[in-house]
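Trainee: Pasting in a structure now, in structure tokens, and then I'll have a few things to ask.
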Amino acid sequence: MTNLSEGSDRVRQGRHSCFVIRHLGVHLCHFAGNCPLLQPLNRLPGVCLARHNKGLPPSLAPPSRVPPLPTNFTNDIRQADQAKGRYAFISLGCPKNTVDSERMLGLLQLDGYELVADPEGADFAIVNTCGFIEAARNESFASIDEMIELKKAGKLRGVIVSGCLAERQKELLLEHRPEIDHLVGVFGRDEVTKVADRLLGGLEEQRLVFKPAPARPLHDDQRLRITPGHFAYLKISEGCDRLCTFCAIPKMRGKHATKPIEEVIAEAKQLAADGVRELVVVAQDTTYYGMDLYGEPRLAELIHKLDEVEGLEWVRLMYLYPMYFSDDVIDAIAQSKKVVPYIDMPLQHASDAMLKRMQRRVASGPTRELVQKLRDRIPNLVLRTTFITGFPGETDADFAELCDFVEEFRFERLGVFTYSLEPDTPAARLPNHLPEEIKEQRRDELMAIQQRLAFEWADAQVGKQMEVLIDSPVPGERAAWIGRTAADAPDVDCVAYVTGEGLQPGDIVPCEVVARNDYDLVTVAVGEPR
């Protein structure tokens, strides 16, 4: 696995709701012109600390930065004066797309291309897009248009668009953005160096690189990571076999394809050797891992093998669908030395009528039983979930049932987003679509409930000791740090503010919680870091 210390300042990242542009080491929150958390960033460029949309779903949240380049990788990279070309890179979307960006960055770096911070100093720009929902597509279009304007002004020779938007709406892009030089689909990712060579070689005709979904996921080695040196994303599968009526991911990412266990473990060992202490396991459907390849779920086995990887301290599981959440998986999490007691399990709704319309293939009753079982069998469990408000046909009674469900199970971390009509999904054809104001009103009401519950949970932590993983210093402050407890995934959850001498990013330090600051914890280091 490969890193580049200054690369984080050279890779832009944007997100809707609270857009983050990682550029020249500055956090730019486009939610408001005077964001109180606007700050220069040192070790951790690009992390959005703003609390404007607490509970942002992981699929929409920003990753982090590029750590140092290992010496064994530098021999394979040409010096800047020998570079084949200079490029700027904008990465949008979920952690799975971040892994794709890192793979493309690594391949370009190995092939002799130089990554630069300012697109105006580049030969070409690559925008790796998100196409999940309308807000994400709008952000992708805005980033593409920004690069097109630079091309029109003669400041860029070319624009390459890749990722989910390219996969989902290539005809629209071809028709309305003819200035795009090349479109690269999700599974054409590894052709990026050939596309760059073609662009700089003066071949003007538009090049389309779209490939069918492979039987097995593409290799994710030789990545140039844009996360901090101490944490990384590990993608264990690609695609999804769920046919939720609101979701277009299977159209963009294909059917579920498991990455073999031995390949996952080899990648985990590489990451640990690079200094990764927290491994964030991602997929579209993590509990389904292994079904297509082995004929049965193998997540429990994977957890046991990750436990044996030396150097890893925390393993965090994201995107666990409630189906196939077997007793073996629960026991593996409960007994693991490294898997933190944190489960990200998107539920989307609690009303059987809505779950049926969403085609979630899991009813409210079994979900309630599962949540209670998880609470009973995994000590100190933190549950994260997401819900949709305003799905077509959602009645006042459906929404009331959802609110009661949240009150009953008191999720420590929860995100709510309004239903987004996606034209190429079955939900778009359902009757009884709701006005935007009702969707938003219900979202706000549910988030108000969750805010109260989250504040109560945070207040209950005061006086306790918890381990905190240090992410970055507080700029301009001495002995002040920003970190996360095991209860918080990178970038989508809360943070812990730490006062302590002699710390550095990547340290895991015992702390005493002394106060709550909004959703976040205020702590004091009380022991030596490890």
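Trainee: Can you spot a residue in region 438-448 that is assigned to a loop (DSSP other than H, G, I, E, B) and without any contact (Cβ under 8 Å) to a residue 24 or more places away in the chain?
Mentor: no
Trainee: On to the next question. Check I330, I343, I388 and return the single one that is in a helix (DSSP H, G or I) and either in contact (Cβ under 8 Å) with a residue 60 or more places away in the chain or in contact with a Leu (Cβ under 7 Å, 6 or more places away or on another chain) (or both).
Mentor: I330
Trainee: So which of A83, A117, A135, A125 is of a type outside the set (D, E, K, R), closer than 14 Å to T193 by Cα and at pLDDT below 95?
Mentor: Residue meeting the stated conditions: A83.
Trainee: Kindly list the number of the only condition in (1) surrounded by fewer than 21 Cβ atoms within 10 Å (Cβ to Cβ); (2) more than 27 Å from Y113 (Cα to Cα); (3) at pLDDT 95 or above that fails for A283.
Mentor: In the conditions (1) surrounded by fewer than 21 Cβ atoms within 10 Å (Cβ to Cβ); (2) more than 27 Å from Y113 (Cα to Cα); (3) at pLDDT 95 or above, A283 misses (1) alone.
Trainee: Could you check region 301-322 and list, in sequence order, the residues that are surrounded by 21 or more Cβ atoms within 10 Å (Cβ to Cβ) and either assigned to a helix (DSSP H, G or I) or in the same structural domain as G93 (by TED's automatic domain parsing) (or both)?
Mentor: Matches in region 301-322: L302, I303, L306.
Trainee: Taking the conditions exactly as written (at pLDDT 95 or above, surrounded by fewer than 18 Cβ atoms within 10 Å (Cβ to Cβ) and at positive phi), does G163 satisfy them or not?
Mentor: no
Trainee: Right, another one. State the number of residues belonging to region 425-467 that are among the small types (G, A, S) and more than 27 Å from the chain's Cα centre (by Cα).
Mentor: Total meeting the criteria: 2.
Trainee: Among the residues of region 471-503, how many are touching a strand residue (DSSP E or B) at 6+ places or on another chain (Cβ under 7 Å) and free of Cβ contacts under 8 Å to residues at least 60 places away in the same chain?
Mentor: Final tally of qualifying residues: 13.
Trainee: What about A142, is it out of contact with any Cys (no Cβ under 8 Å at 6 or more places or on another chain), aliphatic (A, V, I, L, M), under 30 Å from I265 (Cβ atoms) and surrounded by fewer than 18 Cβ atoms within 10 Å (Cβ to Cβ)?
Mentor: Spelling it out, it is not the case that A142 is out of contact with any Cys (no Cβ under 8 Å at 6 or more places or on another chain), aliphatic (A, V, I, L, M), under 30 Å from I265 (Cβ atoms) and surrounded by fewer than 18 Cβ atoms within 10 Å (Cβ to Cβ).
Trainee: Further question: Return yes when M354 is touching a Gly at 6+ places or on another chain (Cβ under 8 Å) and either buried (at least 22 other Cβ atoms within 10 Å of the Cβ) or modelled with pLDDT of 95 or more (or both) and no when it is not.
Mentor: Spelling it out, M354 is indeed touching a Gly at 6+ places or on another chain (Cβ under 8 Å) and either buried (at least 22 other Cβ atoms within 10 Å of the Cβ) or modelled with pLDDT of 95 or more (or both).
Trainee: While we're here: Return the total of residues in region 252-277 being outside any helix (DSSP H, G or I) and touching a helix residue (DSSP H, G or I) at 6+ places or on another chain (Cβ under 7 Å).
Mentor: Residues that pass the stated criteria total 4.
Trainee: Further question on the same structure: Those residues that are farther than 21 Å from I378 by Cβ and basic (K, R), I need them from region 480-530; list them, please.
Mentor: The answer is R516, R530.
Trainee: Right, something else. Determine, yes or no, whether F210 is crowded, with 24+ Cβ neighbours inside 10 Å and touching a residue at least 40 places away in the same chain (Cβ under 8 Å).
Mentor: Criteria not met by F210.
Trainee: Related question: Quick one: is L107 out of contact with any Cys (no Cβ under 7 Å at 6 or more places or on another chain) and either among the hydroxyl-bearing types (S, T, Y) or not in a helix (DSSP H, G or I) (or both)?
Mentor: The answer is no for L107.
Trainee: In region 147-166, which residues are over 15 Å from Y87 (Cβ atoms) and not basic (K, R)?
Mentor: I148, E149, A153, G154, G163, C164, L165, A166 - these are the residues of region 147-166 that are over 15 Å from Y87 (Cβ atoms) and not basic (K, R).
The values are calculated or read from the model by the stated rules, or taken from the named source; none is laboratory data. Computed from a predicted structure; not experimentally measured. Neighbour counts are summed over all protein chains in view; Cβ atoms, including those assigned to glycine, are modelled from backbone coordinates with ideal geometry.
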